[in-house]
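The values are calculated or read from the model by the stated rules, or taken from the named source; none is laboratory data. Every value quoted in this text rests on a predicted model; they were computed, and no experiment measured them. Ideal geometry is used to build each Cβ from the backbone, glycine not excepted, and the neighbour counts take in all protein chains shown. Ligands, DNA and RNA are stripped out before the accessible areas are found, and what is left, the full protein with its side chains, is counted by its heavy atoms. Shrake-Rupley method; radii C 1.70, N 1.55, O 1.52, S 1.80 Å.
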Amino acid sequence: MPAANKDFPWMSYYRNYNVFKRNITTHSKVLDVKEIDASNGLYQIVQKDRILKIFICECYSFGVAEYEEALSHFEKLDAIIINSTWCSYTSEVKEYCRTQKVGVFNISEFFGAINQANFWDYIAPDDR
């Protein structure tokens, strides 16, 4: 279920990702951030040993159906970031994506997850 936008790609309410972009570019494990399709929330994160294709959205409750819809637009994703403090993801999509080695995170979880090789297995400190 989308937040402010009922149509895909469930853009940020303010139609930008400035906080994400500002913080990700200063992350110690990130070499570069490239906008693939910024108007649709699609970015590439370049790290020393990999490149991650990520989709950033504000979806009130991101689930398996939303993930599958995102794939129909973008084909392959490495991670989905929920860019809102009032939006979230379901436990079902977290597990569903984990089996495909795709990470689903809120924005703060993502910043922790990219520090590990198997980022899709990242568990937030509060959930450990």
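Once the convex hull of all Cα atoms in the chain is built, its volume per residue stands at 100 Å³.
Share of the chain's accessible area from carbon and sulfur, percent, 1.4 Å? C and S atoms contribute 49 percent here. Computed from the C-beta positions of Lys34 and His73, the FRET efficiency with R₀ = 22 Å rounds to 0.75. Among the listed pairs Lys21/Lys53; Lys21/Lys101; Lys21/Lys94; Lys48/Lys94; Lys34/Lys76, those with a Cα-Cα distance over 21 Å are Lys21/Lys101; Lys21/Lys94; Lys48/Lys94.
Solvent-accessible area per residue in the stretch 64-118 equals 48 Å², computed with a 1.4 angstrom probe and all protein chains kept.
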